[in-house]
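The values are calculated or read from the model by the stated rules, or taken from the named source; none is laboratory data. All of these numbers come straight from a predicted model, not from anything done at the bench. We place every Cβ from the backbone using ideal geometry, glycine too, and count neighbours over all the protein chains shown. These accessible areas exclude ligands, DNA and RNA; they are computed on the full protein's heavy atoms, side chains included. Shrake-Rupley method; radii C 1.70, N 1.55, O 1.52, S 1.80 Å.
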Amino acid sequence: MWETLSLSWQAALEMAWEAYCAGTVPIGAVVADAKGNIVSRGRNRIMEKNAPKGQVCNNGLAHAEINALLSLELSYEESRNSALYTTMEPCPLCMGALYMSDVKTVHFAARDPWAGSTNLLGTTPYLSRKPFKVFEPQNIVLENCLTALHTEFELFNRGEEFLSYNFFVVFRAALPDGVEKGIVLHRSGELRKKQKEGLPASQAFNWLANQVQ
């Protein structure tokens, strides 16, 4: 699967896998300029106490998209012609930050039926004024990989009793295949073994793709 992805998606997945390996929410994001060059990277750091200069950590606001935007150093016009790629549908915090930034295009690889908020666009006069473009998931295998990864992470940190919470009820209704694969990965412990082996993101996601198909 990895070889079929654009460099932007590969970079975003590298950040998500890095977050997972660091013990925080496995979401990654990058900004690519008009030529497809990666100009900034960010990942979730809410459970970490260190971050690159200018980024945030150890705080509920330390989301991947926020950190990618905080690292962006482009002119106004360059930013308007760039795009943010994120592994998970942006939440209200990140949609607000994106809308307030100069980046006006976002691609996300997996839906977030719990907190995803791309539907906020157009709901207020302000959120209707800017020419903002959103591109939804195009690759069901990748979406299931990311859903499984997120599911395994949550169960590892919260325990299987979390399966009865509304969070998983909503996720299971929207993305049943990815959630079920994540449960299998949690119970087998195989994904944790891959983490301990130090697999690079390319191998980890190719392995995940084989598990979810």
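What net charge do the residues around residue 63 carry, taking every other residue with its C-beta under 14 Å from that of residue 63, with Lys and Arg at +1 and Asp and Glu at -1?
With Lys, Arg at +1 and Asp, Glu at -1, the net is -1.
Can you tally the net charge around residue 10? Count Lys and Arg as +1, Asp and Glu as -1, for every other residue whose Cβ sits under 13 Å from the Cβ of residue 10.
-2
Where a Cα-Cα gap under 27 Å defines reach, which lysines qualify for residue 181, not counting those fewer than 8 residues away within the same chain?
193, 194, 196
Of the residues 115, 32, 12, which exhibits the maximal mean-square fluctuation in a Gaussian network model of the chain defined by a 10 Å Cα contact cut-off?
Result: 115 has the largest fluctuation of those listed.
Give the relative contact order (percent, whole number) for the range 144-213; include only Cα pairs under 8 Å separated by 6+ residues.
With pairs under 8 Å counted, the relative contact order is 45 percent.
Computed over the Cα atoms, what is the radius of gyration of the chain divided by 2.2 N^0.38 Å, N being its residue count?
0.98
With all protein chains present, how much of the accessible area of the chain (probe radius 1.4 Å) comes from carbon and sulfur, to the nearest whole percent?
Here carbon and sulfur together make up 51 percent of the probe-accessible area.
Just want to confirm a number: the relative contact order over the chain, from Cα pairs under 8 angstrom separated by 6+ residues, in percent.
It rounds to 17 percent for the chain.
Among the aspartates and glutamates, select those whose C-alpha is under 19 Å from the C-alpha of residue 133, and discard any that sit fewer than 8 residues away in the same chain.
Cross-link targets: 33, 65, 77, 78, 89, 102, 112.
With a point put 7 Å past each Cα toward its Cβ, work out how far residue 56 is from residue 213 in nm, to one decimal.
3.9 nm
Going by Cα centres, the range 150-174 and the range 47-96 are how many Å apart?
Centre-to-centre (Cα) distance: 25 Å.
Using Cα springs under 10 Å in a Gaussian network model of the chain, which residue among 90, 176, 26 shows the largest mean-square fluctuation?
The residue with the greatest mean-square fluctuation here is 176.
When only Cα pairs under 8 Å and 6 or more residues apart are kept, what is the percent relative contact order across the range 7-90?
This gives 32 percent for the range 7-90.
Would the range 56-113 count as rounded, prolate or oblate if I go by the C-alpha gyration tensor, calling it rounded below 1.5 in a/c and otherwise prolate when a/b exceeds b/c, oblate otherwise?
Judged from the Cα gyration tensor, the range 56-113 comes out oblate (a/c at least 1.5, b/c at or above a/b).
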